[in-house]
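Trainee: Below are the structure tokens for one structure; questions will follow.
The values are calculated or read from the model by the stated rules, or taken from the named source; none is laboratory data. Predicted, not measured: the structure shown is a model, and the values here were computed from it. A quick note on method: Cβ atoms are made from the backbone with ideal geometry, for glycine too, and the neighbour counts reach across all protein chains shown. Please note that ligands, DNA and RNA were not included when accessible areas were found on the heavy atoms of the full protein model with its side chains. Shrake-Rupley method; radii C 1.70, N 1.55, O 1.52, S 1.80 Å.
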Amino acid sequence: MDEKYFAKKVERKWQAKWAESRVFEAEIDDERPKFYQLEMLPYPSGNLHMGHVRNYSAGDVVAWFKRLKGFNVLHPIGWDSFGQPAEDAAIKRGVNPREWTEENIVSMRGQMERIGLSFDWRRQMAAHRPEYYKFDQWFFLKMYEMGLAYKKTTQVNWCEHDQATLSNEQASGGLCWRCGNAVTKKSLEQWFLKTTNYADELIDGLNEIEEGWAPAVVKRQRDWIGRSKGAYVDFKVKVSRASGAMTADAVTITVFTTRIDTIYGANAIVVAAEHPVIERFLDELPPVVAGKVSEIRAEKLKPTDREAEIEKDGIDTGLKAVNPFSGEELPVWVGNYVMMEYGTGAVMSVPAHDERDFEFAKKFGLPVRKVIESVESKEATDSRDPQDSIDLKDPVDSKDPIDSAMTDYGVMINSGDWSGKTTEDGKREMADFAAANGFGKTAVTYRLRDWGISRQRFWGSPIPIIYCEKCGTVPEKFENLPVRLPENAPLTGTGESPLAKVPEFYETTCPRCDGPAHRETDTMDTFVDSSWYFFRYTDPNNASMPFDLETASYWTPVDQYIGGDDHAVMHLIYTRFWAKVMRDIGLVKFDEPVKRLLTQGMVVGETFFDDSTGKRIYYPADKVEVERDAKGKIVEARSNDGKHLKYGIERMSKSKGNGVDPDEMVEIYGADAARLFIMFAAPIEHELVWNEAGIEGAVRFLQRVWRMVYKWKDAISAVSSGSAETNGHGPAGDSGRALRRKTHQTIKRVSDSLESLQFNTPVAALMELANAIGDIDVEDSSARFAVKEALTGLILMLTPFAPHIAEELYGVVIGSDEGMLAKGARFPDYSEELAKADEIEIPVQVNGKLRSRIFAPPGAANEVMEQMAFADEKITELVSGKDVVKVVVVPGRLVNIVVRG
RNA sequence: GCUGGGGUGGCGGAAUUGGUAGACGCCCAGGACUUAAAAUCCUGUGCCCUUAGGGGCGUACGGGUUCGAUUCCCGUCCCCAGUACCA
């Protein structure tokens with residue numbers, strides 16, 4: 001290799017060397033601590049996008065850093081290869097989804113290799129291969145045995161655009177996670193996994209991992225699981241008409257409330273339109289009520305518009321229910337704001353202390369009764385004449401009209417014998433009282449629903465269940481797994497299961513009675529595959545088990561996981577659930593599969609739209625002219641023929657046509673520069689607006705480092721690894737000494753940053769170090785040791801960001817081409833002593849304003865610093881003739897003189 | 001609406017526990033080298049005033065605490081994300 005830097009040449013050379021020497025292939029080694037670095041696996045669409053590059057570059061930085069720190073690092077990659085795009089491609093282009101997928105894997109692997117990612121490719125898994133999905137089925141059967149997999153008919157989320165069923169997590173926010181379109185409801189029979197069995201664990205387990213996870217993700221999971229503690233209370237229904245054999249006591253409505261302390265303020269019971277009590281009395285209710293009920297029901301099946309606030313609606317059914325605490329008779333209403341899916345589908349309406357109930361009461365003119373008083377106003381009331389306080393025996397509704405609900409905790413009033421108790425006491429004691437008297441109990445409810453995994457799709461793992469005319473639902477035998485996908489299923493994408501059209505697939509015999517039977521024709525949600533894939537990496541060729549307990553126990557849990565936060569409540573909840581199930585099966589020995597989670601921001605691009613053609617154009621493109629304001633925001637965009645273009649910022653992707661091709665970046669700038677830049681451009685958790693201008697800076701920096709190494713190559717070749725002094729390191733205060741200080745400070749900064757997963761600031765630190773080396777004259781022989789130390793340090797620290805060039809330059813410096821890992825290279829250590837400055841610049845302030853600077857030795861006594869400050873010319877001038885009120889000296893930091901007059 | 005997170009130069013972004021605001025990079029300007037260009041190197045680069053020395057202002061806005069506030073507290077505005085009646 002000559003003195004000119006050709007990125008492509010260096011990169012090809014080291015990619016080949018790495019592959020040949022298998023340095024990234026990890027084996028169990030009890031001598032070294034292990035480190036499992038994982039990034040979220042990609043869908044093999046055929047094209048890597050810049051978001052992937054960011055994700056995998058960050059993971060590679062950590063993997064390299066840990067390797068150089070002496071860890072035994074597992075850094076695998078695989079393919080989330082089941083899913084809709086393969087099926088869509090098959091429908092659109094008539095390709096075989098398996099072949100299409102395999103081809104994409106090959107081309108994407110090539111892209112990853114050209115970026116130089118340090119994966120252990122032997123461990124690669126792909127979800128669509130029978131040797132993998134066999135174990136999806138294995139897990140399903142285990143869960144079926146354990147009672148964790150069951151089938152039921154419900155209203156499932158349905159995406160009309162994708163013609164697909166969605167789990168609640170995938171339809172979060174009422175929008176399809178894939179296409180973003182509004183979701184509707186559809187009645188389907190499907191298989192569920194009992195995630196709710198683990199609701200408490202899923203929420204409590206967050207405490208264990210909270211420290212290492214992005215706070216936003218933890219919060220979203222907590223909210224998603226949505227545990228709330230309260231009570232059930234039974235209200236007996238009275239039927240005013242004495243028709244039939246129905247008695248008043250035969251029916252009760254159980255409500256769930258978190259605020260049982262407000263029960264004396266209940267003015268009605270409001271139930272969901274689907275509530276059983278409505279079913280039961282539907283025939284007897286006036287037609288107008290029945291009409292309203294079906295109107296509300298129909299409304300709920302429509303896609304929800306996120307923006308629009310749904311107006312409260314409802315109707316008095318004419319039924320009455322009795323408040324078990326007060327004996328008061330309350331009207332039973334149907335309300336559109338009560339959901340059958342949560343709690344009991346019935347609420348007690350307390351308008352004075354609940355915003356929704358307040359709104360409902362206001363609209364329908366229902367009475368509002370205050371039963372909680374804030375502590376402050378209670379104190380105020382108490383201090384006044386007791387006669388002024390509200391008459392507890394005869395509370396008058398709306399006596400003191402309020403304009404909003406008071407939802408805070410406080411003191412109970414107008415609540416019979418309970419008045420005077422605090423909310424906290426009331427909640428506890430009233431629930432106990434209800435339990436003791438048989439009309440209620442404490443209860444906990446969750447927002448989390450079971451995970452619906454049935455998909456009426458082809459490209460997924462078949463659900464290993466058989467329906468026998470005689471035996472009913474029968475699980476496939478373990479020894480018959482995998483249940484393989486047929487090669488030729490008619491794919492239409494119309495929402496019916498393609499497997500139902502392949503008799504060779506579904507016609508089978510019952511595993512129990514050998515009689516004629518047919519297979520389940522739905523496949524599993526692809527999120528099943530990604531729930532346990534990273535365990536498979538530890539033991540990728542196991543044919544009898546998903547993985548071996550002992551092998552997996554060495555590598556797992558994952559030490560560091562990196563991926564997008566779009567999976568905060570989908571994949572990341574499923575995989576935590578899965579780990580807990582695996583623990584219960586006895587496959588793993590811990591509760592939480594991922595110790596630390598880093599969520600990286602999206603890579604987005606400025607996109608332009610041509611209104612007339614509806615086409616997207618990515619900038620920079622020669623087709624677009626852009627005017628920007630002072631802040632760099634676009635104010636006007638035109639195509640080169642002068643047509644106005646609409647513009648916006650959106651996620652970069654091939655399918656949107658606004659993506660930057662990583663291959664192109666590598667071709668033009670080199671993989672190292674592209675990686676270095678994407679790490680340097682913005683903090684990893686921020687969104688990154690792709691702008692190619694900055695990447696030139698990364699190229700320049702690498703070239704500078706390259707030239708620097710060659711410039712010093714001969715001068716430092718004679719410097720042995722002996723002590724500084726024996727190698728011409730000069731006296732204190734000279735350039736070599738200053739450089740050593742900079743080197744050791746940089747090592748500290750870079751190590752600390754990487755340890756805390758900051759990737760932009762260490763790059764800045766390395767640039768500073770390079771600048772410092774650049775300041776040294778090559779003729780200065782007294783600095784040679786320092787330069788050698790700085791250069792090797794710089795190269796080693798650069799490795800995680802730009803491994804190819806680092807390997808090459810490391811070879812130049814040590815005179816060997818074997819590679820750092822083979823040579824046992826280590827990330828440099830720093831010496832506190834050397835990092836310490838021998839003179840510190842101390843700002844001197846007068847009245848808090850910076851006026852001068854002095855130079856003091858580190859650890860200078862306060863008196864010395866004070867003396868030096870007063871000795872300073874400028875300070876003397878400013879202070880003279882004034883009273884010195886106070887002098888603040890912060891050791892090693894600053895001097896502040898406070899004067900008056 | 002609610003819940004989180006945030007607001008720092010032309011831009012991306014730095015700033016231990018309150019202690020020199022603007023590191024590093026991009027952009028831009030000037031200079032050196034060159035027949036020329038590219039590359040490279042050097043210099044400047046928050047805003048305003050000033051001939052200079054220097055001075056004033058400045059971390060969304062308004063207050064407060066402090067010798068000292070980007071950092072802590074109160075209020076206001078704005079942006080981003082999550083969420084959609086969860087009882």
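Trainee: Hey, A:Tyr810 hits all of (1) within 16 Å of RNA strand B (Cβ to nearest atom); (2) farther than 24 Å from A:Gly694 by Cβ; (3) at pLDDT 95 or above; (4) not small (Gly, Ala, Ser) but one; which does it fall short on?
Mentor: The failed condition is (1).
Trainee: In segment A:205-216, how many are within 10 Å of RNA strand B (Cβ to nearest atom) and hydrophobic (A, V, I, L, M, F, W, C)?
Mentor: Looking only at that region, the number is 2.
Trainee: Quick check on my filter: what residues within segment A:194-205 are surrounded by fewer than 15 Cβ atoms within 10 Å (Cβ to Cβ) and either over 19 Å from the mean Cα position of the chain (by Cα) or in contact (Cβ under 8 Å) with a residue 60 or more places away in the chain (or both)?
Mentor: A:Asp200, the sole residue that qualifies.
Let's see how each residue does on (1) within 11 Å of RNA strand B (Cβ to nearest atom); (2) assigned to a helix (DSSP H, G or I); (3) open to solvent by 60 Å² or more (accessible area, probe 1.4 Å); (4) of a type in the set (A, V, I, L, M):
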site: A:Glu279; (1), (2), (3), (4): no, yes, yes, no
site: A:Ser294; (1), (2), (3), (4): no, yes, yes, no
site: A:Lys312; (1), (2), (3), (4): yes, no, no, no
site: A:Trp333; (1), (2), (3), (4): no, no, no, no
site: A:Met339; (1), (2), (3), (4): yes, no, yes, yes
site: A:Thr344; (1), (2), (3), (4): yes, no, no, no
site: A:Met348; (1), (2), (3), (4): yes, no, no, yes
site: A:Asp357; (1), (2), (3), (4): yes, yes, no, no
site: A:Phe360; (1), (2), (3), (4): yes, yes, no, no
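Trainee: Taking into account only those residues within segment A:112-132 that are outside any helix (DSSP H, G or I) and of a type in the set (A, V, I, L, M, F, W, C), which is farthest from A:Tyr467 (Cα to Cα)?
Mentor: The selected residue is A:Leu117.
Trainee: Considering each residue of segment A:12-37, count those that are under 25 Å from the mean Cα position of the chain (by Cα) and either closer than 13 Å to A:Leu117 by Cβ or assigned to a helix (DSSP H, G or I) (or both), and give that number.
Mentor: The qualifying residues number 1.
Trainee: Filter segment A:411-432 for residues that are more than 26 Å from A:Gly226 (Cβ to Cβ) and without any contact (Cβ under 8 Å) to a residue 24 or more places away in the chain; which is nearest to the chain's Cα centre (by Cα)?
Mentor: So in segment A:411-432, the residues more than 26 Å from A:Gly226 (Cβ to Cβ) come out as A:411-421.
If we keep only those that are without any contact (Cβ under 8 Å) to a residue 24 or more places away in the chain too, we end up with A:417, A:420.
Numbers: A:Asp417: 49, A:Gly420: 45 Å.
Top of the filtered list is A:Gly420.
Trainee: Within segment A:686-715, can you find the residues that are within 30 Å of A:Asp565 (Cα to Cα) and more than 10 Å from RNA strand B (Cβ to nearest atom)?
Mentor: The answer is A:Trp690, and nothing else.
Trainee: How many residues are on the phi < 0 side of the Ramachandran plot and buried (at least 21 other Cβ atoms within 10 Å of the Cβ) when one looks only at segment A:670-700?
Mentor: The qualifying residues number 15.
Trainee: Could you list, in sequence order, all residues of segment A:400-418 that are open to solvent by 30 Å² or more (accessible area, probe 1.4 Å) and part of a loop (DSSP other than H, G, I, E, B)?
Mentor: Those that are open to solvent by 30 Å² or more (accessible area, probe 1.4 Å) and part of a loop (DSSP other than H, G, I, E, B): A:Asp400, A:Pro401, A:Ile402, A:Asp403, A:Ser404, A:Met406, A:Thr407, A:Asp408, A:Tyr409.
Trainee: Determine whether segment A:36-45 contains at least one residue that is polar (S, T, N, Q), in contact with a His (Cβ under 7 Å, 6 or more places away or on another chain), buried (at least 19 other Cβ atoms within 10 Å of the Cβ) and closer than 29 Å to A:Asp661 by Cβ.
Mentor: Yes.
Trainee: Just checking, how many residues over segment A:139-193 are of a type in the set (Gly, Ala, Ser), crowded, with 20+ Cβ neighbours inside 10 Å and within 16 Å of RNA strand B (Cβ to nearest atom)?
Mentor: From segment A:139-193, those of a type in the set (Gly, Ala, Ser) are A:147, A:149, A:164, A:167, A:171-174, A:180, A:182, A:187; that's our starting set.
Now restrict to residues that are crowded, with 20+ Cβ neighbours inside 10 Å: A:149, A:164, A:167, A:171.
Okay, now just the ones that are also within 16 Å of RNA strand B (Cβ to nearest atom), so A:167, A:171.
Total satisfying the criteria: 2.
Trainee: If you don't mind, there's one more thing I want to ask. When you scan segment A:850-901, how many residues do you find that are near RNA strand B (Cβ under 9 Å from one of its atoms), more than 27 Å from A:Lys836 (Cα to Cα) and open to solvent by 50 Å² or more (accessible area, probe 1.4 Å)?
Mentor: Within segment A:850-901, residues that are near RNA strand B (Cβ under 9 Å from one of its atoms), more than 27 Å from A:Lys836 (Cα to Cα) and open to solvent by 50 Å² or more (accessible area, probe 1.4 Å) number 4.
Trainee: To continue, here is another question. Restricting to segment A:774-809, name every residue that is aliphatic (A, V, I, L, M), buried (at least 24 other Cβ atoms within 10 Å of the Cβ) and assigned to a helix (DSSP H, G or I).
Mentor: Result: A:Ala783, A:Ala786, A:Val787, A:Ala790, A:Leu791, A:Leu794, A:Ile795, A:Met797, A:Leu798, A:Ile805, A:Ala806, A:Leu809.
Trainee: When you go through A:Tyr533, A:Tyr467 one by one, which is the residue that is part of a strand (DSSP E or B) and touching a residue at least 24 places away in the same chain (Cβ under 8 Å)?
Mentor: So the residue among A:Tyr533, A:Tyr467 that is part of a strand (DSSP E or B) and touching a residue at least 24 places away in the same chain (Cβ under 8 Å) is A:Tyr467.
Trainee: Sticking with this structure for a sec: Can you tell me which of (1) open to solvent by less than 20 Å² (accessible area, probe 1.4 Å); (2) free of Cβ contacts under 8 Å to residues at least 24 places away in the same chain is the one A:Glu99 doesn't meet?
Mentor: (1)
Trainee: For A:Arg369, which of the numbered conditions (1) at pLDDT below 90; (2) away from RNA strand B (no atom under 14 Å from the Cβ); (3) surrounded by 13 or more Cβ atoms within 10 Å (Cβ to Cβ) fails to hold?
Mentor: With (1) at pLDDT below 90; (2) away from RNA strand B (no atom under 14 Å from the Cβ); (3) surrounded by 13 or more Cβ atoms within 10 Å (Cβ to Cβ) applied to A:Arg369, the lone miss is (1).
Trainee: Among the residues of segment A:489-527 satisfying the criterion of being part of a loop (DSSP other than H, G, I, E, B) and among the small types (Gly, Ala, Ser), which is surrounded by the most Cβ atoms within 10 Å (Cβ to Cβ)?
Mentor: A:Ala489
Trainee: Select the strands (runs of 3 or more DSSP E) contained entirely in segment A:555-633, then report the ones holding at least 2 residues which are touching a helix residue (DSSP H, G or I) at 6+ places or on another chain (Cβ under 9 Å) and either modelled with pLDDT of 55 or more or open to solvent by 10 Å² or more (accessible area, probe 1.4 Å) (or both).
Mentor: Working: elements: A:560-564, A:597-600, A:603-610, A:615-618, A:624-628.
In segment A:555-633, A:560-564, A:597-600, A:603-610 are the strands (runs of 3 or more DSSP E) which contain 2 or more residues that are touching a helix residue (DSSP H, G or I) at 6+ places or on another chain (Cβ under 9 Å) and either modelled with pLDDT of 55 or more or open to solvent by 10 Å² or more (accessible area, probe 1.4 Å) (or both).
Trainee: Any chance you could count how many residues in segment A:750-774 are more than 8 Å from RNA strand B (Cβ to nearest atom) and under 17 Å from A:Ile684 (Cα atoms)?
Mentor: Adding up the residues that qualify gives 9.
Trainee: Across segment A:428-484, what is the number of residues that are small (Gly, Ala, Ser) and away from RNA strand B (no atom under 16 Å from the Cβ)?
Mentor: 7
Trainee: What is the number of the single condition among (1) within 9 Å of RNA strand B (Cβ to nearest atom); (2) at pLDDT below 90 that A:Lys300 does not meet?
Mentor: Of (1) within 9 Å of RNA strand B (Cβ to nearest atom); (2) at pLDDT below 90, only one is false for A:Lys300: (1).
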